[in-house]
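Worksheet for the structure shown next.
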Amino acid sequence: GQIVNLADYRPTDFVLERVDLTFELDPTNTKVEARLIFHRREGVDPSAPLVLDGDELNLSGLLFDQNEVPASQYDVTPESLTIRDLPAETPFEITVTTYINPEANTQLMGLYRTNGVYCTQCEAEGFRRITYFPDRPDVLAPYTITIIGDKAANPVMLSNGNFLGGAGYDEGRAFAAWFDPHPKPSYLFALVAGDLGVVEDTFETMSGNEVALKIYVEHGKEARAAYAMDALKRSMKWDEERFGREYDLNIFQIVAVSDFNMGAMENKGLNVFNDKYVLADPETATDQDYANIEAIIAHEYFHNWTGNRITCRDWFQLCLKEGLTVFRDHEFSADMRSRAVKRIAEVRHLKSEQFPEDAGPLAHPVRPTKYREINNFYTTTVYQKGSEVTRMISTLLGQDGFKSGMDLYFERHDGQAVTVEDYVKCFEDSAGRDLKQFSLWYSQAGTPLVTASSEYDQASGTFTLSLEQMVPATPGQPDKLPMHIPLSFSLISDNGAAATPSSVTGGEVTGEVLHLTERNQIFVFKGISSRPVLSLNRGFSAPINLQFNQSAADLAHIARHDTDLFARWQALTDLSIPNLTQAARDARDGKEITCDPALIAAILEAAGDDTLEPAFRSQVLTLPSEADIGRELGGNNDPDAIRTGRQAIISAIATAGAQTFARLFDDMQTDGAYSPDAENAGKRALRSSALAYLTYAEATPARAAGAFAAADNMTDQMSALTLLAHHFPDAPETAKALDTFLTRFDGNALVIDKWFSVQATIPGAGALDRVKALMENPRFIAGNPNRVRSLIGTFAFGNPTGFNRRDGEGYKFLAERILEIDPKNPQLAARILTSMRSWRSLEPQRADAARDALMTIERTPTLSTDVRDIVERMLK
Ligand code: B3K
Ligand code: ZN
């Protein structure tokens, strides 16, 4: 793995005009014939050779305009094919033949087999594992695909674009041909073949085109694809209404496969999905599963315009398609569900995943400037922070201004491979606004820290807000410039109404947004007749850490009165943090743990307020996680003390609120058949929160065991099972419930994954032995990414006390697993290893043990580039 630098970008010497691929499928020996038409780009040195990328390839034939190329005219290795002495201007055809072995492809990149189905994954650099090719996103061409395969084994043979035709090919084989007229980069190529069931529907686009919609799943699972189909149709409609984007082929296909390295892939017209994000029914999927399916179906569909029609010039620009498409899927879900609750979930996710990345050794800008392994840059920073950056553009320009910029982007760049600068320029041009300082969000890593303090002067009716910003140093970026930080705000009066100042000085203010652009800035609000309470960074308008020592009374005031429901949740969170961090310190020091009655009162007030939507109240009852508390503590962390402290705070709330929780548990019943809609899901969430608090108060498994037995859907069943397992791991009720669950769902791998996860996250030092024992379970398949993630990934990412054992055994175990997985599936290994990214914030004994484990990995000579890149950056 060489380091690739953004600054070294230059266009290819040769322009690819057309691609014609023929696959003769065979499980271990698939023949790939690639006919590529090129011409030399104008102005390029006539002696420059054509260099094509490969990865573990074997060249079996090479033709130039159908004539064999003499050996003296080319050089070939498994990684590249260089052809010399090519014509100066005229187009020519290169025909490359390779044989590949899909069955032996355990990396799941390129063409591989999953449950007897041929399937591809080409992003970022998987196409070069299929044939020699200019495998980079700025090489766009129309593709014609012919698939030839055993008739009986492959009744379904799919690729991108529109179906041209198919029939018998010879005695035992059939063929199918596809043509994709939209020029695309190789990473969007897909091929699927095998014996699959299908669910069909149609969609009429806004200009009246009928699109055939097909979702392919394993036979017998068709009924579980209904919700995905519904989500797809809603996505297509929404993109027309919100962004004016219409679908552009006569068919849109989704295939669900059971071995997949990530969530899903947006190949043109042929999305390939991890079946976890397609299959759902009330018996087997939770409300969260349904919400994920809706979001991911939408995300991949939205890529058709943001990613496919307009793609990235190079992989440094990844946020151009990912951050933007996440923003679009967030907006979609917000429109389908409760906007405030959706925003709370987004911010929780951002803080628990992206903030630690930005504060640790793997921190990098939303647009990185160098990489060793691009697969390691499909990060929460590129995706989630990238989405927040687009959200800020929308905040700066307003929804209409944002829409105009997007219109210009689609108009100006359709069919192109572009950069972040091209994208930002569209907003600058359409809004007539300079976004130079704002663009630092793309280049400066680290979460900005904004420190606020305020003062009110009754005599002059003046409210003064002093702000200071600091962007922390990150790897390779010791010094930072001040950023343009849009802070949504409201001044809330005594009576709860918003106070409107007669004037504001000290910086730009647009509507309800303060623009913090200097290191230090003082905003002065005049004409404020009584002391207001400032609600700042409402809606999380900027992805920052805000330090603003507001009193418990002020926070409670915001929690009660802000018209932005998100801000009310944020205030309650801010109120809980000092309690939780103090509790962790007290637990560490063996002191008595106490909880501020103001926190208990504020939480119970919101939880018991029937005018508020149940999903919101459930969010209020879900305190910051153990990892969140660790982040707030900032270093020298002891996960056991953090947990003990947090448990004590929960118990205090549970005891004080027992009556409220008993009422909620009874009231929050959903009637009629299960429906995954937001309202019903919200009721289930609040009921399950109430159940958890009641269980803390009652300190017996009886109620949870009863809820488990009574559950008639997976959501209720899982929440009861989780409570039992995490709270009473050794109770006979728990053993019985785990057993009942296993018996009931045995054979349904996705549900058994939940059974693995719930046990992998049982807190405490005993978790490791449990995980080791579960690895011996025949249902655990070490080669399947979903199994590995649900058992080992969940343990490392989601069990702070179990994984971070003081004796370091958790880290040792993980290092062994990484070294086992790496030779087969480096992407999966590298991803799971990032669970240790915050190791430096642990107390010294654990940190030392973590370092030892990382060094064991680092010392292994045969590491993949993926794992080597991660481990070296983590130790740096
Ligand atoms: N674009 C893909 C991710 C590909 C990851 C490659 N290692 C899925 C998505 O973000 O939509
Ligand atoms: Zn994406």
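The values are calculated or read from the model by the stated rules, or taken from the named source; none is laboratory data. Predicted model only: the values in this text are computed from it and were never measured. For neighbour counting, all protein chains shown are included, and Cβ atoms are generated from backbone atoms with ideal geometry for every residue, glycine included.
Out of Thr447, Thr395, one residue alone is of a type in the set (S, T, N, Q), modelled with pLDDT of 95 or more, in a helix (DSSP H, G or I) and within 30 Å of Pro532 (Cβ to Cβ). It is Thr395.
Give the residue, chosen from Thr447, Thr464, that is among the polar types (S, T, N, Q) and surrounded by fewer than 18 Cβ atoms within 10 Å (Cβ to Cβ). Reasoning before the result, please.
Working: Thr447 fails: surrounded by fewer than 18 Cβ atoms within 10 Å (Cβ to Cβ).
That would be Thr464, the only listed residue that is among the polar types (S, T, N, Q) and surrounded by fewer than 18 Cβ atoms within 10 Å (Cβ to Cβ).
If you scan region 271-285, which residues turn out to be within 15 Å of ligand 2 (Cβ to nearest atom) and among the aliphatic types (A, V, I, L, M)? Passing the criteria: only Val272.
Just one of Ala176, Ala152, Ala167 is surrounded by 17 or more Cβ atoms within 10 Å (Cβ to Cβ) and either of a type in the set (Gly, Ala, Ser) or touching a Cys at 6+ places or on another chain (Cβ under 7 Å) (or both); which is it?
Values: Ala152 fails: surrounded by 17 or more Cβ atoms within 10 Å (Cβ to Cβ); Ala167 fails: surrounded by 17 or more Cβ atoms within 10 Å (Cβ to Cβ).
The unique qualifying residue is Ala176.
Looking across region 306-319, the residues that are within 11 Å of ligand 2 (Cβ to nearest atom) and part of a helix (DSSP H, G or I) come down to Leu318, Cys319.
Have a look at Val871, Val867 and point out the one that is touching an Asp or Glu at 6+ places or on another chain (Cβ under 7 Å), within 16 Å of ligand 1 (Cβ to nearest atom) and free of Cβ contacts under 8 Å to residues at least 60 places away in the same chain. Break it down into steps so the answer makes sense when it comes.
Numbers: Val871 fails: within 16 Å of ligand 1 (Cβ to nearest atom).
Just a single option satisfies the conditions, and that option is Val867.
Residues that are over 27 Å from the mean Cα position of the chain (by Cα), closer than 20 Å to Trp755 by Cβ and not in a helix (DSSP H, G or I) within region 675-725 comprise Pro701, Ala711, Asp712, listed in sequence order.
Looking for something over 22 Å from Pro763 (Cα atoms) and outside the structural domain of Thr622 (by TED's automatic domain parsing) - is there at least one such residue anywhere in region 660-677?
From region 660-677, those over 22 Å from Pro763 (Cα atoms) are 660-677; that's our starting set.
Checking the rest, the ones that are also outside the structural domain of Thr622 (by TED's automatic domain parsing) come to none.
No, region 660-677 contains no residue that is over 22 Å from Pro763 (Cα atoms) and outside the structural domain of Thr622 (by TED's automatic domain parsing).
For region 217-265, the set of residues classified as within 16 Å of ligand 2 (Cβ to nearest atom), of a type in the set (A, V, I, L, M, F, W, C) and in contact with a strand residue (DSSP E or B) (Cβ under 8 Å, 6 or more places away or on another chain) consists of Leu232, Ile254, Phe260, Met262, Ala264, Met265, listed by residue number.
The combined condition, being within 37 Å of the chain's Cα centre (by Cα) and farther than 28 Å from Phe355 by Cα, is fulfilled by Gly511.
Residues checked against (1) of a type in the set (A, V, I, L, M, F, W, C); (2) assigned to a loop (DSSP other than H, G, I, E, B); (3) more than 16 Å from ligand 1 (Cβ to nearest atom):
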position: His364; (1), (2), (3): no, yes, no
position: Lys385; (1), (2), (3): no, no, no
position: Arg391; (1), (2), (3): no, no, yes
position: Phe410; (1), (2), (3): yes, no, yes
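Among the residues of region 320-341 satisfying the criterion of being closer than 29 Å to Val418 by Cβ and away from ligand 2 (no atom under 15 Å from the Cβ), which is surrounded by the fewest Cβ atoms within 10 Å (Cβ to Cβ)? This residue is Asp335. Across region 453-482, the number of residues qualifying as of a type in the set (Gly, Ala, Ser) and either outside the structural domain of Phe525 (by TED's automatic domain parsing) or over 17 Å from Ile544 (Cα atoms) (or both) comes to 5. Residue check: Pro46 meets all listed conditions (1) in contact (Cβ under 8 Å) with a residue 40 or more places away in the chain; (2) closer than 14 Å to Thr97 by Cα but one, namely (2).
Okay, residues lined up against (1) away from ligand 1 (no atom under 16 Å from the Cβ); (2) under 16 Å from Tyr118 (Cα atoms); (3) of a type in the set (Gly, Ala, Ser):
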residue: Gly161; (1), (2), (3): yes, no, yes
residue: Gly172; (1), (2), (3): yes, no, yes
residue: Tyr187; (1), (2), (3): no, no, no
residue: Val217; (1), (2), (3): yes, yes, no
residue: Glu222; (1), (2), (3): yes, no, no
residue: Ala225; (1), (2), (3): yes, no, yes
residue: Ala228; (1), (2), (3): no, no, yes
residue: Arg242; (1), (2), (3): yes, no, no
residue: Asn261; (1), (2), (3): no, yes, no
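Considering only residues that are outside any loop (DSSP other than H, G, I, E, B) and under 16 Å from Ile148 (Cα atoms), look in region 94-111 and name the one that is farthest from the chain's Cα centre (by Cα). First the steps, then the outcome.
Taking region 94-111 and keeping what is outside any loop (DSSP other than H, G, I, E, B), we get 94-100, 102-104, 110-111.
Restricting the remaining residues to those that are under 16 Å from Ile148 (Cα atoms) gives 97-100, 102, 111.
Numbers: Thr97: 37, Thr98: 35, Tyr99: 34, Ile100: 31, Pro102: 28, Leu111: 24 Å.
That would be Thr97.
Scanning region 295-331 for residues that are among the charged types (D, E, K, R) and away from ligand 1 (no atom under 13 Å from the Cβ) gives Arg309, Arg313, Asp314, Glu331. Taken over region 468-505, residues that are under 17 Å from Gln437 (Cβ atoms) and touching a Phe, Trp or Tyr at 6+ places or on another chain (Cβ under 6 Å) amount to 1. Set side by side, the residues Ile544, Ile593 differ, and just one is more than 28 Å from the chain's Cα centre (by Cα) and not hydroxyl-bearing (Ser, Thr, Tyr), which is Ile593.
Sort through Ala345, Ala340, Ala291, Ala334 and tell me the only one that's more than 11 Å from ligand 1 (Cβ to nearest atom), touching a residue at least 24 places away in the same chain (Cβ under 8 Å) and in contact with a helix residue (DSSP H, G or I) (Cβ under 6 Å, 6 or more places away or on another chain).
Working: Ala345 fails: in contact with a helix residue (DSSP H, G or I) (Cβ under 6 Å, 6 or more places away or on another chain); Ala291 fails: in contact with a helix residue (DSSP H, G or I) (Cβ under 6 Å, 6 or more places away or on another chain); Ala334 fails: touching a residue at least 24 places away in the same chain (Cβ under 8 Å).
The conditions single out Ala340.
Going by the conditions given, is Leu350 buried (at least 23 other Cβ atoms within 10 Å of the Cβ) and either away from ligand 1 (no atom under 16 Å from the Cβ) or aliphatic (A, V, I, L, M) (or both)? No; evaluated as a whole, the condition is false for this residue.
Within region 191-242, track down each residue that is in contact (Cβ under 8 Å) with a residue 60 or more places away in the chain, in a strand (DSSP E or B), of a type outside the set (A, V, I, L, M) and over 21 Å from Val751 (Cα atoms). Walk me through how you get there before you give the answer.
The first filter runs over region 191-242 and keeps only residues in contact (Cβ under 8 Å) with a residue 60 or more places away in the chain, leaving 191-196, 215-218, 224, 227-228, 231-232, 234-236, 238-239, 242.
Pick out the ones that are also in a strand (DSSP E or B) and you get 191-194, 215-217.
From what's left, of a type outside the set (A, V, I, L, M): 194, 216.
Residue satisfying the conditions is Gly194 alone.
Filter region 467-484 down to residues that are under 30 Å from Ser404 (Cα atoms) and of a type in the set (A, V, I, L, M, F, W, C) and give me whichever is surrounded by the most Cβ atoms within 10 Å (Cβ to Cβ). Spell out the reasoning first.
Taking region 467-484 first, the residues under 30 Å from Ser404 (Cα atoms) are 481-484.
Retained after the next criterion (residues that are of a type in the set (A, V, I, L, M, F, W, C)): 481, 483.
Details: Leu481: 10, Met483: 23.
Applying the filter and picking the extreme gives Met483.
Taking Thr284, is it of a type in the set (Val, Ile, Thr), away from ligand 1 (no atom under 16 Å from the Cβ) and either over 23 Å from Met157 (Cβ atoms) or in a strand (DSSP E or B) (or both)? The answer is yes for Thr284. Would a scan of region 373-382 turn up a residue that is away from ligand 1 (no atom under 16 Å from the Cβ), in contact (Cβ under 8 Å) with a residue 12 or more places away in the chain, among the hydroxyl-bearing types (Ser, Thr, Tyr) and surrounded by fewer than 20 Cβ atoms within 10 Å (Cβ to Cβ)? Taking every residue of region 373-382 in turn, none turns out to be away from ligand 1 (no atom under 16 Å from the Cβ), in contact (Cβ under 8 Å) with a residue 12 or more places away in the chain, among the hydroxyl-bearing types (Ser, Thr, Tyr) and surrounded by fewer than 20 Cβ atoms within 10 Å (Cβ to Cβ).
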